[in-house]
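Single-structure report; data block below.
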Amino acid sequence: MKEKKELLLANLRNIPDFPIPGVQFKDVTTLFKNPECLQLLSDMMYEMYKDKGITKVVGIESRGFIMGPILATRLNAGFVPIRKPGKLPADTIEESYSKEYGTDSVQMHKDALTEEDVVLLHDDLLATGGTMVAACKLVEKLNPKKVYVNFIIELSDLKGKELFDKDVDVESILVI
Ligand code: AMP
């Protein structure tokens, strides 16, 4: 397991001062372009969730749209997108959240989930947690049976994990 994580870390590209000075951007595209890393991510995530009875993987725009559907096919689950406002064509539900400057919102189709679903929410990276906590609240509006949350990377210094309710299971492949 340690070797696998080291391989992933060695292939993750760090971009200093992107998109603004002071932020070290974790570029997951270098993991996705490496066939061994892409397969490893798929296998590791599948192992984490294969026994949880997941029926829908919900991915957050846009980097949650890459591993999300890959994982959904492995788990024999459906895939549901959470998108920025104005992108989804049918009736939506919405949740707003505060950002450093101003607010932002996420939307999902209101018929995307049922009360019978067991949901795995996925995004590439947990930073402050604002985006995923809003996504979680959005999903919970449709009362699924259970919600799991997964990231490829958690930036532990930012303590985003502490924002989640204790009954939400939050796991990341790499905690750095
Ligand atoms: P947050 O709401 O602060 O947890 O931010 C999470 C979202 O912003 C995710 O969709 C990430 O893709 C992106 N993000 C935030 N910080 C970084 C970073 N240092 N490197 C890469 N992506 C980031």
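What follows draws every value from the coordinates through simple rules; no lab data is involved. As the structure is a prediction and not an experimental result, all values here were calculated from the model. No Cβ is skipped: glycine too gets one built from the backbone with ideal geometry, and neighbour counts run over all protein chains shown.
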Report task. Go through N34, F18, G53 and say which Cα lies farthest out towards the positive end of the charge dipole of the chain; charges sit on Cβ, +1 for Lys and Arg, -1 for Asp and Glu. Result -> N34
Query raised in the report: So what is the relative contact order of the range 21-90, in percent, for Cα pairs below 8 Å that sit 6 or more residues apart?
Result: 27 percent
Query - Under DSSP loop assignment and at most 14 Cβ neighbours within 10 Å, longest GluC sites (Glu not before Pro)-free interval of the chain - result: 1-99
**Report entry** Per-selection Kirkwood Rh - the range 53-175 (Cα, Å, 1 d.p.)
**Finding:** 14.3 Å
Query raised in the report: P(r) for the range 32-111: what percent of alpha-carbon pairs falls in each 5 Å bin, starting at zero?
Result: 3, 14, 20, 19, 16, 13, 11, 4, 0
**Report entry** Length-normalised contact order for the chain - Cα pairs under 8 Å, 6+ apart - percent
**Finding:** 17 percent
Report task. Report, for the range 53-175, the % of DSSP beta bridges that are antiparallel, rounded to 5. Result -> 25 percent
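Helix-only mean residue ellipticity at 222 nm, the chain, DSSP H runs n ≥ 4 weighted -39,500 (n - 2.57), per residue, nearest 500. What is it? Before the final figure, lay out each step's value.
On the way: 5 runs with 51 residues, N = 176.
Computed mean residue ellipticity for the chain: -8500 deg cm²/dmol.
Under the Kirkwood approximation for Rh and a Cα-based Rg, what ratio Rg/Rh is obtained for the range 117-166?
Using Cα coordinates only, the ratio equals 0.96.
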Report summary line: In debye to the nearest 20, the charge dipole size for the chain, taken about the Cα centre with +1 at each Lys and Arg Cβ and -1 at each Asp and Glu Cβ, equals 220 debye
